[in-house]
Amino acid sequence: MCLIYSALLTVGLLAATPYWLLEMLRQGKYQKGLAQRLGQVPRSVRNPQGRSIWVHAVSVGEVLAVSELIGKLRVEFPQHRILISTTTDTGQSLASRRFGAENVFYFPLDFSIAMRRYLAALRPDLVVIAETEFWPNFLRIAHDSGAQVAVVNARISDRSLPGYRRWREVLRPVLRNISLFMAQTAEDARRLIEIGALEDRVVVGGNLKFDFVLPPAPQILGQLRSSLAKSGAGPVLVCGSTVDGEETLLGETFKQVLWQHHSAVMLLAPRHPERFSQVANFLQDANVKFWRRTQWGGSPLNGTVLLVDSIGELANLYALADLAIVGGSFVPLGGHNILEPAQHGVPFIVGPHTENFRDIVGLFCSCDAVRVVSAIDLPKVVLHLLGSKDERQDLGQRARHTLQSQQGATAFTLQKLKRLLSSREQGAHTA
């Protein structure tokens, strides 16, 4: 089965190579860390004499989710070096800033030879995987190396469940290499067991994202706050993690806002950096006044859009919002993280497509702490909320209280990982 999987992976890689090359030439994607992805272990993370814990977090969302856990692992296991891998460039950038570039690397392609090189170089006692990254060769070789393997903040989305069910007979032996699953919810735990995880290895641990700690505030936050106050600009709309197909809707909504609030400001933060120029071109073609954040020098923002063409600042920029709109939810892509505006006590709106965050959004709905709005109704709801300060404040306070009521998953997860690592050490002594 491993040989068949590796052969299929090779065929898939070869078939996708023309697309990757084209994306490299057009948008510069996949160039960073290419050697690492192909199995070259960077010298900075080689750990031949020490002990290590390998944490894998795919992208920005996963890095943010495990940030507090990594901090606690560093304190709890000072004799271990904590090494973090990511898949995306944005995740790599954020992880490097938070944990030091010398501790961060790109996750290799799931070929046996690449995985063996990394596991031989890092020699981790514990491998911690954020959410659901079931790479067969990685899991098998990590387990065979003697490392304990844990999946934290585990979830099975509505979109991925049918595929996992279809392949569960193949997936079942892969999941046997994992010693512990920390599921976000009871439903996620049930789904994990359904697709092949051993029941006695699955624990409901809560959602680490509720324990999210804001990064240090960037300098731009203070500059924007000062500029908005001096010029009397506002109200401020922060539209975060937007995707293709949403900027047109948001641009039209902002034009309607300007009819009633002439000094309104929109901060528009596209989800993917490669779309920054595309969104800038759209705003220009739509005759919307805008500044690119990287080119803004402090000019008044009254009646304009600030295009946030930077990485890692959105979580703090939500603090400026009178009202936030979380993207990825007005087109069928499953939505994005709503906890960042909630942490600031900012009222926020999402669209109807929030399948990737079904439990979180469901919780906030049950507490009347979010507005779920269709694309057609978005302008009307935005104008209503901007015209009702008390309703906005109440909505934001309920959002903050809802988030705070769910915190604690990090401490619980840490205790489980301590036991797992302890059991490994006891087994090693016994052997």
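The values are calculated or read from the model by the stated rules, or taken from the named source; none is laboratory data. Computed from a predicted model, the values in this text were never measured in an experiment. Heads up, the Cβs are rebuilt from the backbone with ideal geometry, glycines too, and the neighbour counts pull from every protein chain shown. Note: areas computed on protein heavy atoms with side chains; ligands, DNA, RNA excluded. Shrake-Rupley method; radii C 1.70, N 1.55, O 1.52, S 1.80 Å.
Sub-6 Å Cβ pairs linking a first residue in segment 357-370 that is in contact (Cβ under 8 Å) with a residue 60 or more places away in the chain to a second residue that is open to solvent by 60 Å² or more (accessible area, probe 1.4 Å) and not charged (D, E, K, R), at least 6 apart or interchain, number zero.
When segment 389-406 is limited to residues that are surrounded by 15 or more Cβ atoms within 10 Å (Cβ to Cβ) and modelled with pLDDT of 95 or more, the one that is nearest to the chain's Cα centre (by Cα) turns out to be LEU403. Scanning segment 48-65 for residues that are under 19 Å from GLN184 (Cβ atoms), at pLDDT below 95 and out of contact with any Ser or Thr (no Cβ under 6 Å at 6 or more places or on another chain) turns up GLY61, GLU62, VAL63, LEU64, ALA65.
Would you check if PHE134 is open to solvent by less than 50 Å² (accessible area, probe 1.4 Å), at pLDDT below 95 and among the aromatic types (Phe, Trp, Tyr)? Considered against the rule, which asks whether it is open to solvent by less than 50 Å² (accessible area, probe 1.4 Å), at pLDDT below 95 and among the aromatic types (Phe, Trp, Tyr), PHE134 comes out as yes.
Of the residues making up segment 164-186, one or more are touching a strand residue (DSSP E or B) at 6+ places or on another chain (Cβ under 9 Å) and free of Cβ contacts under 8 Å to residues at least 24 places away in the same chain.
Condition check ((1) under 24 Å from LEU383 (Cβ atoms); (2) out of contact with any strand residue (DSSP E or B) (no Cβ under 9 Å at 6 or more places or on another chain); (3) at pLDDT below 95) across all residues:
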| site | (1), (2), (3) |
| --- | --- |
| ARG225 | no, yes, no |
| LYS230 | no, yes, no |
| VAL236 | yes, no, no |
| GLU247 | yes, no, no |
| LEU250 | yes, no, no |
| GLN256 | yes, yes, no |
| GLU274 | no, yes, yes |
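Scanning segment 110-119 for any residue that is buried (at least 19 other Cβ atoms within 10 Å of the Cβ) and closer than 16 Å to LEU421 by Cα turns up nothing. Take PHE290 and tell me if it is in contact (Cβ under 8 Å) with a residue 12 or more places away in the chain and closer than 20 Å to LYS230 by Cα. Yes, satisfied.
Among the residues of segment 370-395, those identified as out of contact with any strand residue (DSSP E or B) (no Cβ under 8 Å at 6 or more places or on another chain) and either closer than 19 Å to CYS239 by Cβ or hydroxyl-bearing (Ser, Thr, Tyr) (or both) are SER374, ALA375, ILE376, ASP377, PRO379, LYS380, LEU383, HIS384, GLY387, SER388.
Beta carbons closer than 7 Å, at least 6 apart along the sequence or on distinct chains, pair a first residue in segment 21-47 that is over 17 Å from ILE84 (Cβ atoms) and modelled with pLDDT under 70 with a second that is open to solvent by 30 Å² or more (accessible area, probe 1.4 Å) and not in a loop (DSSP other than H, G, I, E, B) for GLN27/GLU274; LYS29/GLU274; TYR30/TRP20; TYR30/MET24.
When ARG51, ARG81, ARG159 are checked against the criterion of being without any contact (Cβ under 8 Å) to a residue 40 or more places away in the chain and either surrounded by fewer than 18 Cβ atoms within 10 Å (Cβ to Cβ) or farther than 26 Å from LEU9 by Cβ (or both), ARG81 stands alone in meeting it. Taken over segment 372-390, the criterion of being part of a helix (DSSP H, G or I), closer than 20 Å to VAL361 by Cα and in contact (Cβ under 8 Å) with a residue 40 or more places away in the chain is satisfied by LEU378, VAL382, LEU385. GLU391 meets all of the listed conditions (1) farther than 20 Å from ASN316 by Cα; (2) in contact with a Pro (Cβ under 6 Å, 6 or more places away or on another chain) but one, namely (2). Scanning segment 89-109 for residues that are over 21 Å from ALA150 (Cα atoms) and touching a helix residue (DSSP H, G or I) at 6+ places or on another chain (Cβ under 8 Å), which turns out surrounded by the most Cβ atoms within 10 Å (Cβ to Cβ)? Ranking the candidates gives LEU94 first. The single residue among GLY328, GLY345 that is farther than 28 Å from ASP158 by Cα and part of a loop (DSSP other than H, G, I, E, B) turns out to be GLY345. Of all residues in segment 330-373, those that are open to solvent by 40 Å² or more (accessible area, probe 1.4 Å), of a type in the set (A, V, I, L, M) and within 19 Å of GLN407 (Cα to Cα) total 1.
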